[in-house]
Amino acid sequence: MLEPLNLSLLIAPLFLAVLLIIAYLVFARTPQIESKQDLKEIEELRQQCQRLREELETQSQQLNTDFRSETFQQLQNLLTSYPTVCKMAEVKPNLPAKYLTSLFTSLDNLLANWNYESIGEPWQEVEYNPQLHQPDKEDIIAGDKVYIRFIGYRSGEKILYPAKVSRTLPGGISE
């Protein structure tokens, strides 16, 4: 399986080259052009700058295409099964959900591949932490016992989406 693409590592060298050329044109040259050689050199630098911009744009488009293709490959099972499952749910509305959970394995794999971690487990009792949780009521304070209604996600220390919490479990659910 392909490693996750790091756009900044691929685009940064080209971006740096463009900045260096621009800095050279702006700061290293005197305002007066002294010879045809200077004009030629400036034109070559402009052309090189334009070529680097075009390369950067092409590389950005290719990275986007590669990312979309890789993500589709990882979610292919879910995406191809989803319409059939929807139809099955229409025809057999009493079909137990436990038979459908295996479809979500591809999502679990994608999250693992991207190094995304869940914040809590559904209906888990935890102490409210405003850095990790989004309360359903404004009067919940740090340290209050709450239940995770919907998990959140993090990537290392960065919170991508806080877990949604409540003081109570959903109706009909008991501890």
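Scanning segment 133-150 for residues that are surrounded by fewer than 17 Cβ atoms within 10 Å (Cβ to Cβ) and part of a loop (DSSP other than H, G, I, E, B) turns up Asp136, Lys137, Glu138, Asp139, Ile141, Ala142, Gly143, Asp144. Of all residues in segment 89-126, none satisfies the criterion of being over 30 Å from Ala142 (Cα atoms), outside any helix (DSSP H, G or I) and among the β-branched types (Val, Ile, Thr).
For segment 84-94, state whether one or more residues are over 30 Å from Phe67 (Cβ atoms), without any contact (Cβ under 8 Å) to a residue 60 or more places away in the chain and in contact with a Pro (Cβ under 7 Å, 6 or more places away or on another chain). No, there is no match, as no residue in segment 84-94 is over 30 Å from Phe67 (Cβ atoms), without any contact (Cβ under 8 Å) to a residue 60 or more places away in the chain and in contact with a Pro (Cβ under 7 Å, 6 or more places away or on another chain).
Read-outs: derived from the displayed coordinates by stated rules, not from any lab. No experiment lies behind these values; they were computed from the predicted model shown. Neighbour counts run over all protein chains shown; Cβ positions are idealised from the backbone, glycine included.
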